[in-house]
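To keep things clear, I will list the structure first and then write my remarks on it.
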Amino acid sequence: MNKIAIAVTLVGALTLSACKKEAPADLPPPPQDQTAPTPTPPPQTGPVPGTQEHFTQQMQGRDTIYFDTDKFDIDAEDQAALRQQAQYLQQFANVRATVEGHADERGTREYNLALGERRANAAKNYLVSLGVPANRITVVSYGKERPVALGSNEQAWARNRRAVTIVLN
Amino acid sequence: MLLRSVLIAAALSLFAAPVAAQVAAPAVNPPATIVIPEDEGGLSGTVTDESAWQDLGIAIPAFATNRDGPTPANSQGTSALGVELARVIFGDLRNNGLFRPVGPDSLPRPSYPQITAPAWSTWQGRAAEMLVHGYVRAGDDDRLTVGCYLYDVQLQQELVREGWVVAPTDWRRAAHKCADLVYSRLSGESPFFDSKIAYIAETGPKDNRVKRLAIMDSDGANHRFITNGQATALTPRYSPDYSKIAYVSYLNGYARIYVYDIGTGRQTLVTESPNPTFAPRWSPDGRRLLYSMAVGGNTDIYSVSAAGGGSPQRLTDAPGIDVGGSYSPDGSRIVFESDRSGNQQIYVMNVDGSNQRRISFFGGRAATPEWSPRGDQIAFTHIAGDLRIAVMSPNGGGLRHLTDSWQDEAPTWAPNGRIVQFFRTQRNSGETSIWQVDLTGRNERRLATPVGASDPAWGPVLP
């Protein structure tokens, strides 16, 4: 399980960079900014703590967890990512979060809406089990409506079967 | 403004009552040789599909008019409108696998008196077995009277006739009614051309798709966007009387079913709930709506009064995803989709939720079931590698695939249960288009839409 999950993440990273080279123009999807955490300037110039920008910087990709086809279980790698998310949410106790659930394109629309909801809830439930108050987390499913990887292949589908945590304040 | 005029047209069309078709034909039979030379053309010119069983030749020359006068329906007058009427009928009758129609652009034009007294020799010489004649007259109130006649050329006999009075904006409906008359008389099937389709118009790149609610006639004409695309719209369904459309919108950030009233342009939530609602479905009598609602990741199917008020009735309670649903034509049963067995399969239950049982047992996953208006078939998406449109009987037997493409999904039935419409997604680009196929699976064609198109929902035949 662990190995598979890692492989998926690596492939995802490769696909992303490949995409960027080919077609930088039509890439950027709204919520996630891709600004890689540049190692150079540390504290003062960085994003304001508790903001979405700060959260994605701190998570370094662990704001997103990935699922197998038709599955919604939280594996060990997902647990590690969610632990880190939970720590952040506990550190900034006034921050609220939304978990967005997604499915790949190889399913029917309505089932995928339900499946995305199920994945988002699985992530939320794990965060709650780690002590994050349930009333601070909302969920929304986009089904197959908002892919981040645009190809029609196993790598792209693996990247799109995901639950993404967004912080709001 | 466009919206208003279309709305008025829709309202007026309700008064398009059939009238007895009668032509004040002169007593004298005119000579049978009147031909407009520039309209002449061969019969085979427009036939593309030569399947052996598509052998019933139907000639559809331009409709005649008693007097070429002005009409709001056509800037060039009623004579030009007569050509357009025949073109619409020709467009309806081709591509459905039953007929080999020839349209007005390659046929001589009959005179007004010939509508009730066809020039038989002209048509016998053209290998047309059937002949459609018609006329259009503009009244003083601008309303149009359209007569439609079907003749058997061999027998030199009238088979059926009917006429309609329509508002000028509804002239295409008269043509569809005529095509329905011909189709029904010759095939023995129920009519379906005079009907409408709600769907989702798609534009923009795959990762930022704009999805708008839109409607059109069954042949793609009278197209109209209803929502502006600011909120993603999904899975519309026309109410059986065409007065409303239930659909899913992310209007307030979350998926919720809204019921859009076409007359007033207002929309209401189908149910007040903090949970997402999706997959709206009307009962055949329009009184109830099915919807699916996810609570804590578990999705179930509910039924609620379409008029509002009353508490929702929960129909499923299995752990997992129970979603969608489609009423049997008599309203007594519901076919739906559930993954309670581990993956998507198709189930049937009574309308109160009792007696739930699985009917799909042929491998792969089975999704989006839609009960045929005739009651004898269930169309669905079969997921086994690719996504394909298939049909089966209501007991789960007789599986037949109607399409074979990379991704075809979400079938919707023609009102007569002989044709299935669905949408097709292109690999990689994600571009979508609406297609239809008949129950033989042999006659498949794409519908012309202004932009990308998905989630078609075919309504009943208009009154």
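What follows draws every value from the coordinates through simple rules; no lab data is involved. Here the structure is a predicted model, which is why all the values come from computation and not from measurement. Glycine also receives a Cβ, built like all others from the backbone with ideal geometry; neighbour counts cover every protein chain displayed.
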Quiz item: Leaving out same-chain residues fewer than 8 places away, which aspartates and glutamates sit with a Cα under 18 Å from that of residue B:244?
Solution: B:194, B:217, B:261, B:285, B:455
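What fraction of the Cα pairs in the stretch B:132-179, stated in percent, has a spacing above 12 angstrom? Walk me through the numbers before you get to the answer.
Numbers: 672 of 1128 pairs.
Percent of Cα pairs beyond 12 Å in the stretch B:132-179: 60.
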Practice problem: Please arrange B:305, B:292 by counting, for each residue, the other beta carbons lying within 10 Å of its beta carbon, fewest first. | Solution: B:305, B:292
Quiz item: Just how far, in whole angstrom, is the stretch A:116-135 from the stretch B:321-379 if you go by their alpha carbon centroids?
Solution: 31
Practice problem: Tabulate in residue order the Karplus-calculated ³J(HN,Hα) for the stretch B:223-230, using 6.51 cos²θ - 1.76 cosθ + 1.60 with θ = phi - 60°, rounded to whole Hz; enter x for Gly and Pro. | Solution: 6, 8, 7, 9, 10, 8, x, 5
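Given a cut-off of 32 Å, name the pairs among A:71/B:206; A:71/B:196; A:124/B:196 whose C-alpha atoms lie farther apart than that in the structure shown.
Values: A:71/B:206 24 Å; A:71/B:196 38 Å; A:124/B:196 42 Å.
From the list (A:71/B:206; A:71/B:196; A:124/B:196), the Cα-Cα distance tops 32 Å for A:71/B:196; A:124/B:196.
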Exercise. Once you have all Cα-Cα distances for chain B, histogram them in 10 Å bins from zero and send the whole-percent values.
Key: 4, 20, 28, 24, 15, 8, 2, 0
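Give, in nm to one decimal, the length gained when the segment between residue B:354 and residue B:340 is fully stretched (0.36 nm per residue of separation minus the Cα-Cα distance). It would help to have the intermediate numbers written out before the result.
Details: separation 14, 0.36 × 14 = 5.04 nm, distance 1.59 nm.
Extra length from residue B:354 to residue B:340 when fully extended: 3.4 nm.
Taking K and R as +1 and D and E as -1, what net charge do the other residues with C-beta under 14 Å from the C-beta of residue B:254 add up to? All intermediate terms of the calculation are to be shown ahead of the outcome.
On the way: positive: A:146, B:256; negative: A:100, A:117, A:145, B:272.
Here the charged neighbours net out to -2.
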Quiz item: Taking only DSSP H segments of four or more residues, each worth -39500 (n - 2.57), what value at 222 nm results for chain B once the sum is divided by all its residues, to the nearest 500 deg cm²/dmol?
Solution: -3500 deg cm²/dmol
Quiz prompt | Taking only Cα atoms of the stretch B:363-427, radius of gyration then Dmax in Å | solution = 11.0, 34
Exercise. Take every Cα-Cα distance within the stretch B:195-461, group them into 10 Å bins from 0 onward, and report for each bin the whole-number percent of pairs it holds.
Key: 7, 32, 40, 20, 1
Self-check item: Cα-based helix-to-principal-axis angle, B:78-93 vs chain B, degrees rounded to 10
Solution: 50
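To the nearest whole number, what is the average tally of beta carbon atoms from other chains within 10 Å of the beta carbons of peptide B:295-301? Could the numbers behind the result be given before it?
Working: counts 2, 6, 16, 4, 8, 1, 0.
That works out to 5 on average.
What does the charge add up to near residue B:150, with Lys and Arg as +1, Asp and Glu as -1, over the other residues with Cβ less than 12 Å from its Cβ? Don't jump to the answer; show the numbers that get you there.
Values: positive: B:161, B:185; negative: B:129, B:152, B:158, B:162, B:180.
Computed value for this residue: -3.
Taking K and R as +1 and D and E as -1, what net charge do the other residues with C-beta under 9 Å from the C-beta of residue B:58 add up to? Mind showing how you got there, number by number?
On the way: positive: B:100; negative: B:129.
In short, 0.
Take B:176, B:223 and order them by how many other Cβ atoms sit within 10 Å, fewest up front. It would help to have the intermediate numbers written out before the result.
Numbers: B:176 25, B:223 17.
Ranking B:176, B:223 by Cβ neighbours within 10 Å, fewest first, gives B:223, B:176.
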Quiz item: Which whole-angstrom value gives the distance between the alpha carbon centres of the stretch B:55-134 and the stretch B:180-233?
Solution: 26
Quiz prompt | Distance from the stretch A:63-99 to the stretch B:288-306 (C-alpha centre basis), Å | solution = 28
Quiz item: In degrees between 0 and 90, to the nearest 10, how far off the longest principal axis of chain B does helix B:2-13 point, with axes built from Cα atoms?
Solution: 70
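Identify the trypsin sites (Lys or Arg not before Pro) of the stretch B:174-267 meeting these criteria: DSSP loop state and at most 14 other C-beta atoms within 10 Å of the C-beta. Walk me through the numbers before you get to the answer.
On the way: sites: B:177, B:185, B:196, B:206, B:209, B:211, B:212, B:224, B:237, B:244, B:256, B:266; in loops: B:209, B:266.
Sparse-neighbourhood loop trypsin sites (Lys or Arg not before Pro): B:266.
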Quiz item: So what J values fall out for the stretch B:397-413 if you push phi through Karplus, 6.51 cos²θ - 1.76 cosθ + 1.60 with θ = phi - 60°, rounded to Hz, Gly and Pro as x?
Solution: x, x, 4, 9, 8, 9, 9, 9, 9, 5, 8, 10, 8, 6, x, 9, 8
Quiz item: Out of the stretch B:53-125, which chymotrypsin sites (Phe, Trp or Tyr not before Pro) are coil in DSSP terms and have no more than 16 other C-beta atoms within 10 Å?
Solution: B:53
